[in-house]
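Structure first, then comments.
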């Protein structure tokens with residue numbers, strides 16, 4: 001793929017050329033992915049897969065939920081040591097990423113991982129998230145496109161970075177256990193983004209004690225088609241949403257309607 005003299009080969013080979021999680025700016029050591037769960041339901045398509053050998057001391061799991069009008073992507077990386085995790089999303093040459101709001105830092109920051117030889121991929125602008133969600137919209141030449149809405153929490157807010165090429169989005173976090181969650185909503189010409197995603201607290205289904213990211217995570221996702229609760233359970237122990245209409249999850253991924 002690609003052409004001569006455009007550095008496209010150098011862009012494709014590293015992990016930073018894929019829409020995935022890159023750790024400490026390094027490419028993966030090996031491809032050891034395994035599908036953990038998949039299910040088709042009336043509300044949507046569910047799947048969860050894990051990488052346990054891509055980086056020697058880190059495990060990454062990605063959960064995807066395809067709704068009738070949106071795609072939910074939930075990531076978790078776990079390690080005994082602290083790492084810098086970059087959530088990467090690539091669009092195409094006909095799109096342009098735009099931050100919806102917030103202070104944008106015009107200072108150039110460090111290059112991104114192994115793609116230093118691909119000039120247009122160097123990060124150029126940065127936005128620090130300071131609210132419950134962050135919205136990024138990218139549009140094609142005819143103004144159709146999509147919106148990417150991130151769920152954020154005070155204790156694990158991400159840096160949001162736009163690459164110089166204008167078509168690559170990076171969300172960056174630091175820590176030993178890191179999570180990302182977003183909903184991607186396709187948009188027609190001149191359509192405004194309406195999707196939202198919010199974290200939902202979980203408790204142990206038996207004891208009622210709060211459950212952390214080591215065991216599970218959950219989000220309320222709202223789109224024009226309705227509100228849904230997405231729960232990801234990383235163990236075989238049942239967890240329950242700490243909401244008025246409590247939902248118990250025993251499977252790896254649970255998707256239910258909610259208010």
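Derivation of every value follows stated rules applied to the coordinates shown; laboratory data play no part. Note that this is a predicted model, so its numbers are computed, not measured. Positions of Cβ are backbone-derived with ideal geometry, glycine not excepted, and every protein chain shown enters the neighbour counts.
Points to keep in mind about this one:
- Inter-label distance, residue 84 to residue 190: 4.3 nm, where each label sits 7 Å from its Cα along the C-beta direction.
- In this simple spin-label approximation, residue 242 and residue 29 carry label points 7 Å from Cα along the Cα→Cβ vector, and these lie 3.6 nm apart.
- Whether the stretch 205-245 is rounded, prolate or oblate, judged on the alpha carbon gyration tensor where a/c under 1.5 counts as rounded: prolate
- Gyration tensor verdict on the stretch 172-246 (Cα atoms; rounded if a/c is under 1.5, prolate if a/b is larger than b/c, oblate otherwise): oblate
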